[in-house]
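Every number here is computed from the coordinates shown, using simple stated rules; none is lab data. Because the structure is predicted, anything quoted here is derived from the model rather than measured. A quick note on method: Cβ atoms are made from the backbone with ideal geometry, for glycine too, and the neighbour counts reach across all protein chains shown.
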Amino acid sequence: MRNALDPAELDTAIDNVHRAGMPGLFAEVRDGDQVWRGAAGTADTATGRPVTADMRHRVGSITKTFTAAAVLQQAENGRIGLDTPISHYLPELVPGERGDRITVRMLINHTSGLAEYLPYAYPSLKGFPDVADTGPQSLEDNRFTRFHPAELIEMGVTAPPSGAPGSTPGVYSNTNYLLLGRLLEHVTGTTAEQCVTRNVIERAGLRDTGFPTGTHVEGPHSQIYEAWFGMIDPPRDYSVYDMSWVGPAAALITTVTDLNRFFGKLLAGEIVSPSSLAQMQRTVPVVSQERRTIEYGLGLYPAKAPGQATFWGHGGTVWGGGALAMTRADGNRQLSVALNLQRWNTLDAAGRPRPHPIDDALAALCRVAMYG
């Protein structure tokens, strides 16, 4: 049975997330021709400027779906083989036998065994993702650091591997997607950002989506506040930041409306072919950065409540900002939501995040938005 949108229910649910402690958030929910857009809270805690639903936002790892789609397009035209070793294309970046064993597909679905480079680029995150052993100082130290992707890739490749190539569960790693960015450069002769822009963003008709050209977010946007599990108190604004630390893995700036448009077109087979989409939806177990085992495809993962339809999409975080975009498999029901505070939970003595009222309020918003 179809559950139509209930604007009053959605208004209450998004307000509840703000009241639970989120400075500001905004969302768009679609069901067929019905559209609800809502916002609650402030975009700037110093001035009280309100958030609005049309704001641009850093959406973190949702970028991976865009990058994966660009790789699948190149696979369709024969320039990339999904089961071809990465050493065939980039032997200098993943040398030796390891490069011969890691395929392009393993990079996209995080089963390559390549380690996460972040603890090496950000020294005070040495225990990442075991957050009890980390600190926030590197976030400030690297606000204006310009990283080169080859430098970051080398950190991940030379670090102790997280597993054998192709073994499951895989381990989520941004190193994989920086390599995919270099792969796109290799086969297209353009930067990864240019390739994704031309072949994915423009193909989807997204008007407010793009990669940053500097340290600022252009256009109307919210400040974004990082708490780092209570270690930054009050939370600090990281809306001005050099995003070269993630590039084609997590640097994209967009709107909730553009996210829904993109995922709607992707699941309709209008960005990649239906056969490529089927491959994107073929999942394997992967350990996420939150140490949870999730099912992960080629830049997509599913979400499903008991007895309900399956949704497909991706979430993402950067320092201070977060987002989630989910579209039902039939494309008719969609949620995209953006948050301007991250890592709001404090830690217990064992280093585990303590429950916070935001957790339940945000889960309730997602349930109402996705299932009514």
Original post:
Just one of the numbered conditions (1) among the small types (Gly, Ala, Ser); (2) in a helix (DSSP H, G or I); (3) farther than 30 Å from THR257 by Cβ; (4) in contact with a helix residue (DSSP H, G or I) (Cβ under 8 Å, 6 or more places away or on another chain) is not true of GLY181; which one?
Top reply: (3)
**OP:** Go through (1) outside any loop (DSSP other than H, G, I, E, B); (2) of a type in the set (Gly, Ala, Ser); (3) in contact (Cβ under 8 Å) with a residue 24 or more places away in the chain one by one and return the number of the condition GLY205 breaks.
**Re:** (1)
Subject >> Of residues in segment 317-347 being buried (at least 23 other Cβ atoms within 10 Å of the Cβ) and small (Gly, Ala, Ser), the one nearest to ARG236 (Cα to Cα) >> reply: GLY320
**OP:** Taking the options GLY205, GLY230, name whichever one is under 25 Å from ALA43 (Cα atoms) and not hydrophobic (A, V, I, L, M, F, W, C).
**Re:** GLY230
Subject >> Every residue from segment 259-292 that is touching a Pro at 6+ places or on another chain (Cβ under 8 Å) and under 22 Å from GLN74 (Cβ atoms) >> reply: GLN281, THR283, VAL284
Original post:
So CYS195 fits all but one of (1) closer than 26 Å to GLY269 by Cβ; (2) assigned to a loop (DSSP other than H, G, I, E, B); what number is the exception?
Top reply: (2)
Original post:
Looking at (1) surrounded by 24 or more Cβ atoms within 10 Å (Cβ to Cβ); (2) in a helix (DSSP H, G or I); (3) within 18 Å of the chain's Cα centre (by Cα); (4) aliphatic (A, V, I, L, M), which is the one condition that is false for ALA369?
Top reply: (3)
